[in-house]
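> Just passing along the structure, written as structure tokens.
Please treat every number below as a calculation from the coordinates, not as lab data. All figures in this text were calculated on a predicted structure; none of them were measured in a lab. Glycine gets a Cβ as well: all are built from the backbone with ideal geometry, and neighbour counts include every protein chain shown.
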Amino acid sequence: MTHASDYVIMEFPSLPENVGFARSAAAVFASRLDFTLDELDDIRMAVSEAVTNAVVHAYENGPGIVRITAEVAGGQLVITVEDRGKGIPDVEWAKQPANTTAPDEHLGLGFHFIGVCMDGYDVESRVGGGTRIRMVKRPAQAKRQEPAASSSSQ
Amino acid sequence: MGASMKVLGETLIVTLDGELDVHSASEFRAAVTGAFDERPRLRNLVLLMHGVTFVDSSGIGAILGRLKEVSARGGRLAVVGLQTPVERAFAMSGVLKRISVHDSEGQALASL
Ligand SMILES: Nc1ncnc2c1ncn2[C@@H]1O[C@H](COP(=O)(O)OP(=O)(O)OP(=O)(O)O)[C@@H](O)[C@H]1O
Ligand SMILES: [Mg+2]
């Protein structure tokens, strides 16, 4: 097994049209790991949620740039979605299911979906500075075969 | 995303195709709300979703928004034909408690 990491970086204007491109591109990149079709669906969902949040919340449907890095390292997929938008005042509150600052149109499900679909994620945010969400997923097959994956780097 | 509509008595039947996300959800919302506004007699909505390959929280939000719209008119919403990823999204969101899902259009119409 190779230890070299591989990555792609995508950057695009904050437009709803680009959300579909972003999740598809992320899934195509992810398919170089041994993910099942269900797992690729999970990755599509998580990326869709993170990018949609950048478009509708960070930039409030106005101009802005969304940057995505997808990386394969140590047998796992790491995806970060970054914006330079308005930021999240209380990240712990925002992560709770059904918590939303736009209750007319939104259900507050995005972070909940990300949590269900990925193995883990964390959010760094600064009000007025922007938000960066980092999401990690390892193929379930690899989890079964080598539970102590970090030892493979010896 | 594609959407085509037909009217059957008091029921609007919408066929959806493709991916229902933040981009297509606004088209979907506008199409259904427009049809309801034009025809005050309409009160039920049936969504034929066999051709939908992806739904995220924005899509679920748009569907629940239509549920509110038909409820306000004293009507009902029924959904038909969920592909596996779409069904998983519905399950994750918890909306299956509030939305009736069917295998066929006939079954959905009978449930109204
Ligand atoms: N990138 C971001 N920039 C600024 N605020 C954000 C960002 N991402 C999320 N938020 C805030 O966190 C809240 C919760 O996000 P989450 O995706 O869980 O729900 P939502 O987007 O409100 O609803 P849904 O995802 O169901 O459409 C949002 O309402 C918003 O206030
Ligand atoms: Mg969201």
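> Over the protein assembly as shown, one equal point on each Cα, no solvent: what is log10 I(q)/I(0) by the Debye formula at q = 0.11, 0.12 Å⁻¹?
-0.64, -0.75
> Alpha carbon centre of the stretch B:36-66 versus the stretch A:24-80: separation in Å?
26 Å
> For chain B, what's the relative contact order in percent, using C-alpha pairs closer than 8 Å and at least 6 residues apart?
25 percent
> Sticking with this structure for a sec: Give, in nm to one decimal, the length gained when the segment between residue B:71 and residue B:103 is fully stretched (0.36 nm per residue of separation minus the Cα-Cα distance).
Between residue B:71 and residue B:103, full extension yields 9.3 nm more.
> Give me, ordered by chain and number, the residues 5 or more places off residue A:109 or on other chains with an amide H under 5 Å from its own placed amide H.
Those qualifying (amide H under 5 Å, at least 5 residues apart or on another chain) are A:98.
> So, one more: How many nm separate the modelled label positions at residue A:91 and residue B:35, each set 7 Å beyond the Cα in the direction of the Cβ?
With each label point 7 Å from Cα toward Cβ, the separation is 4.3 nm.
> If you don't mind, there's one more thing I want to ask. How well do other chains shield peptide B:42-48, expressed as the mean number of their Cβ atoms within 10 Å of each residue Cβ?
If you average over the peptide's residues, the count of other-chain Cβ atoms is 0.
> OK, next. If you count the DSSP beta bridges with both ends in the protein assembly as shown, what percent of them are antiparallel, to the nearest 5? Spell out each step's value before the answer.
Values: 37 of 53 bridges.
Taking every DSSP beta bridge within the protein assembly as shown, about 70 percent pair in antiparallel fashion.
> How much net charge surrounds residue A:76 when only the other residues with a Cβ under 10 Å from the Cβ of residue A:76 are counted, with Lys and Arg +1 and Asp and Glu -1?
Here the count lands on +1.
> Which of A:72, A:56, A:47 moves the most in a Gaussian network model of chain A with Cα springs under 10 Å?
Highest fluctuation of the listed residues: A:56.
> Have a look at B:12, B:48, B:96 and tell me which one the Gaussian network model of chain B (Cα, springs below 10 Å) gives the largest fluctuation.
B:96
> Next question. For the stretch B:13-112, would you read off the P(r) tail past 18 Å as a percentage of all alpha carbon pairs?
Details: 2019 of 4950 pairs.
Summing the P(r) tail past 18 Å for the stretch B:13-112 gives 41 percent.
> What is the fewest-to-most order of B:84, B:15, A:52 by other Cβ atoms lying within 10 Å of their Cβ?
B:84, B:15, A:52
> Hey, what angle do you get for helix A:17-30 against the long axis of chain A, alpha-carbon based, 0 to 90 degrees rounded to 10?
10 degrees
> OK, next. Per the Kirkwood definition applied to all pairs of different Cα atoms, how many angstroms is the hydrodynamic radius of chain A?
Final number for the Kirkwood radius of chain A is 15.9 Å.
> For residue B:84 and residue B:4, compute 0.36 nm times the residue count separating them, minus their Cα-Cα distance, and round to one decimal in nm.
Contour length minus the Cα-Cα distance gives 26.6 nm.
> For residue A:65 and residue A:24, calculate 0.36 nm times their separation in residues minus their Cα-Cα distance, and state this gained length in nm to one decimal. Walk me through the numbers on the way to the answer.
On the way: separation 41, 0.36 × 41 = 14.76 nm, distance 1.84 nm.
Gain on stretching residue A:65 to residue A:24: 12.9 nm.
> Next question. Determine ³J(HN,Hα), in whole Hz, for all residues of the stretch A:110-126 in sequence, where each value follows from phi through the Karplus function 6.51 cos²θ - 1.76 cosθ + 1.60 and θ = phi - 60°; x replaces Gly and Pro.
Result, ordered by residue: x, 5, 4, 4, 4, x, 6, 7, 10, 6, x, 7, 9, 10, 10, 8, 9 Hz.
> Computed FRET efficiency, Cβ-Cβ of residue A:7 and residue A:141, R0 30 Å: what is it to the nearest 0.05?
Given R0 = 30 Å and the Cβ-Cβ separation, E is 0.85.
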